Amino acid sequence: MIRRITLQDKDFYINCVKNFYGSDAVLHSIPDDFIQKTFDELMHSDTYAICYIFEKENKKAGYALLAKTFSQEAGGEVLWIDEIYVLPEYRNQGLGSEFFKFLKEKSNAARLRLEFCPDNTRAIEVYKNQGFKPLNYGQMYYGK
């Protein structure tokens, strides 16, 4: 099952985010206050971000954090799949595929977009199997 995050998910969410940022899926960790700010924003509104909790057999199994933007190039809203994390004991059970199907069917987004670490070949294969295609854009950032 896939559902929106609630206040009761706070501890689970924070623990999962810390695990995600301690994994090989990302290049570096983030400060705890960034996690708290994100959770507060998720509880306040869905203007900028949405979080879904994955459940398997009525147990919390992971989460996905989405960021919202608007793109003229895409012709509408873009959902950035900013983070996906599945607890190790629930991996390879189709939760990622279920989530992508859910997004494709339930969202009105003109485009789904995501980033990945080039070394994370397992994730890349999952994304390709879901129909994602590489973009030939470089990215830069300023700030934290």
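Each stretch of four or more DSSP H residues adds -39500 (n - 2.57); spread over every residue of the chain, this sum gives -10000 deg cm²/dmol at 222 nm. Full extension of the segment from S45 to K144, taken as 0.36 nm per residue of separation minus the current Cα-Cα distance, would add 33.4 nm. In this simple spin-label approximation, N92 and T121 carry label points 7 Å from Cα along the Cα→Cβ vector, and these lie 1.6 nm apart.
Normalised by the number of residues in the chain, the average gap of Cα pairs under 8 Å and 6 or more apart makes the relative contact order 20 percent. Among E41, E55, E73, the largest mean-square fluctuation in a Gaussian network model of the chain (Cα springs under 10 Å) belongs to E73.
Below 8 Å between Cα atoms, with a sequence gap of 6+, how large is the relative contact order for segment 69-144 in percent? Working shown, then result.
Details: 43 pairs, mean separation 25.4, N = 76.
Across segment 69-144, relative contact order equals 33 percent.
Using a cut-off of 22 Å between Cα atoms, the listed pairs K10/K56; K56/K101; K59/K104; K68/K106 include K59/K104 as exceeding that distance.
Can you give the Rg to Rh ratio for the chain, taking only C-alpha atoms and Rh from Kirkwood?
On the way: Rg = 14.9 Å, Rh = 16.1 Å.
Ratio value, two decimals: 0.93.
Debye-formula intensities of segment 61-144, expressed as log10 I(q)/I(0) at q = 0.18, 0.19, 0.21, 0.23 Å⁻¹, are -0.89, -0.99, -1.19, -1.38 (one equal scatterer per alpha-carbon, no solvent).
Descending by average beta-carbon neighbour count within 10 Å, the peptides 11-22, 116-127 line up as 11-22, 116-127, the highest first.
In this simple spin-label model, placing a label point 7 Å from the Cα along the Cα-to-Cβ direction at both S107 and H28 gives a separation of 2.6 nm. Farthest towards the positive end of the charge dipole of the chain, among the residues T38, S71, N15, is the Cα of S71, using unit charges on the Cβ of Lys, Arg, Asp and Glu.
Since every read-out is calculated from the coordinates, none of them should be taken as a lab result. Because the structure is predicted, anything quoted here is derived from the model rather than measured. Virtual Cβ from ideal backbone geometry, glycine too; neighbours counted across all protein chains shown.
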